[in-house]
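First comes the structure, then the notes that go with it.
The values are calculated or read from the model by the stated rules, or taken from the named source; none is laboratory data. Since the structure is predicted, the reported quantities are computational estimates derived from the model, not experimental observations. Note that we place each Cβ from the backbone using ideal geometry, even for glycine, and neighbour counts take in every protein chain shown.
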Amino acid sequence: MEYRGFRDLKVYQLAYKLAMEIFEETKNFPKEEKYSLTDQLRRSSRSIVANIAEAWKKRMYVKSFVSKLIDSYGEEGETEVWLDMAFDSGYLTEEKHRYFRQGYDEVSKMLHSMISHPEKFCT
């Protein structure tokens, strides 16, 4: 498959969609969480997407590409922790928590595949 840009990547599309859904969902979090859990969850979910875009722009250098994908992979893990905390704090329903976990499991698998096979993406 030929990619014209990072927006063509399925992992980018899914991670972006999830980050936007997290943004909407966190609007319902308590005000006292605004500068803690809400901000952390929004920041880490958005960072996944930003690091994918940055990796794409650095794909002429395999090590730089992989490094940024590893950063994205780390942010994905952090996002899962914040989702668990939001669920355990009663801010997410079991259904929403499961939905986000399944989505990020898929993002994680795609990132791992890209990290393991950068030659499919690097120029």
Could you check Met1 against (1) buried (at least 20 other Cβ atoms within 10 Å of the Cβ); (2) at pLDDT below 95; (3) not aromatic (Phe, Trp, Tyr) and say which number it fails? (1)
Going residue by residue through the stretch 61-74, is there one that turns out to be outside any helix (DSSP H, G or I), within 25 Å of Ser113 (Cβ to Cβ) and either touching a His at 6+ places or on another chain (Cβ under 8 Å) or of a type outside the set (Val, Ile, Thr) (or both)? yes
Residues in the stretch 58-115 that are closer than 17 Å to Lys17 by Cβ, among the acidic types (Asp, Glu) and in contact (Cβ under 8 Å) with a residue 24 or more places away in the chain total 4
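Residues checked against (1) farther than 16 Å from Ser72 by Cβ; (2) assigned to a helix (DSSP H, G or I); (3) within 15 Å of the chain's Cα centre (by Cα):
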| site | (1), (2), (3) |
| --- | --- |
| Phe23 | yes, yes, yes |
| Glu32 | yes, yes, no |
| Ser36 | yes, yes, no |
| Ser47 | no, yes, yes |
| Ile52 | no, yes, yes |
| Arg59 | no, no, no |
Evaluation of Lys17 against (1) surrounded by 15 or more Cβ atoms within 10 Å (Cβ to Cβ); (2) assigned to a helix (DSSP H, G or I) (one fails), failing number: (1)
Has the stretch 65-73 got at least one residue that is over 23 Å from Lys34 (Cα atoms), loosely packed, with under 14 Cβ neighbours inside 10 Å and among the basic types (Lys, Arg)? no
